[in-house]
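These notes are about the structure you will find just below.
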Amino acid sequence: MPQDFTKWVACWGNATSISNRQEATYAKDLTLRYPIRMRFSGNKLRFHFSNLAGTEAVTISEACVAIKSHAAENLAKSDYRPVSITFGGNAQGTIPAGEEILSDEIPFNVTAGDTIEISLYFANFTQMNAGTLITGPLSGGKFAYGNFARSSELPVNLSRATNWFYFLNTIDVFTECGNFALVCYGDSITAQDWPDYLTLRCERDGFKNVAIIRRAVCGTRILREYSCITYAAYGLKGATRFPIEMNVTGAKAVIIQHGINDIIHPVGVEVNKFRPWSDMPTVEEMEEGVRELYVKHARTLGLKVYSGTLLPIYGWRTYNENRDVIRCAFNDWLRAAPEFDGCVDFDKALRSANEPLKFAEGFDSGDHLHPSAKAYEAMAECVPAELLK
């Protein structure tokens, strides 16, 4: 029976922030390649590209998409057929500084479970400011020196793996009416593995109509941001990020797990001149930030809003009792506040039963802030099924 494709829905997404400041900030004659697991079947694709953090326009010299592997079988190299991604009918696309662009719609048949590859080639000097670091079993790409946008494989001696996603921001598919997107919004904990494990859970448990869209940037805070290159990659504050990142076609709900960096970053100017004690928020300020900056905007978009509690920090290098008092009080509010449609209690799922200020055995990555791979799987498992149906 032919499928009835009637609407656009985001099937993959990432935040776009400020890439880590290094000695070299430009690239030339570079190919980026990102494999993406398709959640939905469809017959058209369109691509969002972002230069949000750029101070110069970026020109994509060539962009294309190809099926890397079908859901049920491996694809032979001879069947690798790249299709051009165009911009107003042109092969090249320019992303102005501080802006995002949308490609043309392109006819492209995909089946749920296929892996597609998006390849981007930059011929000229390109400012690599707009990028975000993400990890997980479904996240990662490659770069190569030279133009290999249409090659089935990148040459081993000219390519390397990367977890930095530059410019590619969101992929929409023209798909069936019942499909929708669930947004996971947060910081490094969400930029790491649990959204990928949630996608794998959906595949395992037969939640076929939902795509998990990650909007996460390492180091970000609700209330403040840094204005120095040392911490540039920690990105934009919530007031700036949230309205931009909620541009998700077909989204039905958002899980917000954000705020731990507001609590753990301040150390005093005598220790770090960029992290004054005046940055330390009160619980009330954090609550007001979430309520005014996140929930109200999400409601204008018709989204359901689920809170996500903050994880244990006992043993983290800036830990002290006062920080944990704030975290626990904020978590109490996240669990009970009427502003939310529900709470995903990540803290309860990952904390020790006997010592609730600590991670449970095997759930600490070792830095006492970020979860282990096993714990990220547990985070994915505690998302209510009602959000995935």
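The values are calculated or read from the model by the stated rules, or taken from the named source; none is laboratory data. The shown structure was predicted, so the numbers you read here are calculated from the model rather than taken from an experiment. Positions of Cβ are generated from backbone atoms using ideal geometry, with glycine treated the same way; all protein chains shown enter the neighbour counts.
Do you know which residues across segment 276-317 are of a type in the set (Ser, Thr, Tyr), outside any loop (DSSP other than H, G, I, E, B) and under 21 Å from the mean Cα position of the chain (by Cα)?
Scanning segment 276-317 gives Tyr294, Tyr306, Ser307.
Of all the residues that make up segment 208-219, how many are under 18 Å from Ala378 (Cα atoms) and surrounded by fewer than 19 Cβ atoms within 10 Å (Cβ to Cβ)?
Summing the residues that are under 18 Å from Ala378 (Cα atoms) and surrounded by fewer than 19 Cβ atoms within 10 Å (Cβ to Cβ) in segment 208-219 gives 0.
Report whether or not Gly302 is out of contact with any helix residue (DSSP H, G or I) (no Cβ under 8 Å at 6 or more places or on another chain) and more than 26 Å from Ser352 (Cβ to Cβ).
yes
Look through segment 310-357, keep the residues that are among the polar types (S, T, N, Q) and surrounded by 13 or more Cβ atoms within 10 Å (Cβ to Cβ), and return whichever of them is farthest from Ala378 (Cα to Cα).
By that ranking, first place goes to Thr318.
Pick from Ala191, Ala239: which is touching a helix residue (DSSP H, G or I) at 6+ places or on another chain (Cβ under 7 Å) and farther than 25 Å from Asn43 by Cα?
Selected residue: Ala239, the only one of Ala191, Ala239 that is touching a helix residue (DSSP H, G or I) at 6+ places or on another chain (Cβ under 7 Å) and farther than 25 Å from Asn43 by Cα.
Look through segment 358-376, keep the residues that are surrounded by fewer than 19 Cβ atoms within 10 Å (Cβ to Cβ) and in a helix (DSSP H, G or I), and return whichever of them is nearest to the chain's Cα centre (by Cα).
Of everything passing the filter in segment 358-376, Ala373 is nearest to the chain's Cα centre (by Cα).
Quick check on segment 10-28: of everything there that is of a type in the set (Ser, Thr, Tyr) and farther than 30 Å from Gly42 by Cβ, which residue is surrounded by the most Cβ atoms within 10 Å (Cβ to Cβ)?
Only one residue tops the list, namely Ser19.
Need pairs with beta-carbon distance below 8 Å; first residue surrounded by fewer than 14 Cβ atoms within 10 Å (Cβ to Cβ) and within segment 154-165, second among the charged types (D, E, K, R); sequence gap 6+ or separate chains.
Arg160/Lys142; Ala161/Lys142
Give me a count of the residues in segment 85-124 that are under 18 Å from Thr16 (Cβ atoms) and touching a strand residue (DSSP E or B) at 6+ places or on another chain (Cβ under 7 Å).
Of the residues in segment 85-124, 12 are under 18 Å from Thr16 (Cβ atoms) and touching a strand residue (DSSP E or B) at 6+ places or on another chain (Cβ under 7 Å).
Among the numbered criteria (1) surrounded by fewer than 19 Cβ atoms within 10 Å (Cβ to Cβ); (2) at pLDDT 95 or above, which single criterion is violated by Cys64?
(1)
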